[in-house]
């Protein structure tokens, strides 16, 4: 245990010594600072802790609209975009070099000479990098938690579920970088491999979403498309999903089944940290559609929720974990069998 703890601390110390770690932490702090700087008074709202005041008779201190705006700002931007994309990308850029640098001559000689098996060394290094992802996410969660509580009186402890969930999502991408780093000992190639893999998973996510929308959602909302004329017709009458549509959707879904559900896993945060009680009928509505004056309502909102929940959380997590287990086992096998 002492050797594992020493290597784990050494991994964290190595990450802290990198400028990228502090850059990621600083950018995360700035995002939290901007969110915390938004406040409300009797005249409207302010940004930058009162530096910029915006008069608005609707979004005033203590109003339901102010609380709705503040919570939707989190769910629509910080949750969807920061946690879903930017935080993962920054953490990946900052940590891809850990395994390739460990395997350089001199560094690896010292590591394997310690009284610790290669498998434990590999796993300890891997877990140490995952904690790197936890630090900025935890920082942002603390800032957002305090901001929601102080600004609009919503103390959402479920918000901290973002830490383990995003650590898991990050590990789905990082395991590919680890395998590439073990095979080619190149930080650049490890990063490019992980980015290309992430892009492939996202393309499959878009393809599956479009197929579900085409074969399931359109019949439910009564929409038909004439491809020859390029016209659409919305009757509002629900139609049965055809057997051909079910078969085509299953084919698209099967094509992406072996891959981890990275984007869907990040979207699980909406299910884990829901604001149904606080937002009421506006739950599930994005801030962009609300400000555009066209939020989904009634049947449209129900269909939107069905789209988000078309896959169970268990299927998303366990199928993704299975992929990671295979990739990580392959990387560990190569690492343990290689001559140094």
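The values are calculated or read from the model by the stated rules, or taken from the named source; none is laboratory data. Remember, predicted model here, so these are calculated numbers, not experimental data. In this analysis, Cβ positions are derived from the backbone assuming ideal geometry, glycine residues included, and neighbour counts consider all displayed protein chains.
The set of residues in region 84-97 being out of contact with any helix residue (DSSP H, G or I) (no Cβ under 6 Å at 6 or more places or on another chain) and crowded, with 22+ Cβ neighbours inside 10 Å consists of 87 alone. Considering each of 77, 122, 83, 131 in turn, give the residue that is more than 27 Å from residue 154 (Cβ to Cβ), modelled with pLDDT of 85 or more and not in a loop (DSSP other than H, G, I, E, B). After applying the criteria, what remains is 122. Can you find even one residue in region 146-154 that is over 21 Å from residue 31 (Cβ atoms), surrounded by fewer than 22 Cβ atoms within 10 Å (Cβ to Cβ) and either touching a residue at least 60 places away in the same chain (Cβ under 8 Å) or in contact with a strand residue (DSSP E or B) (Cβ under 6 Å, 6 or more places away or on another chain) (or both)? Yes, region 146-154 has at least one match.
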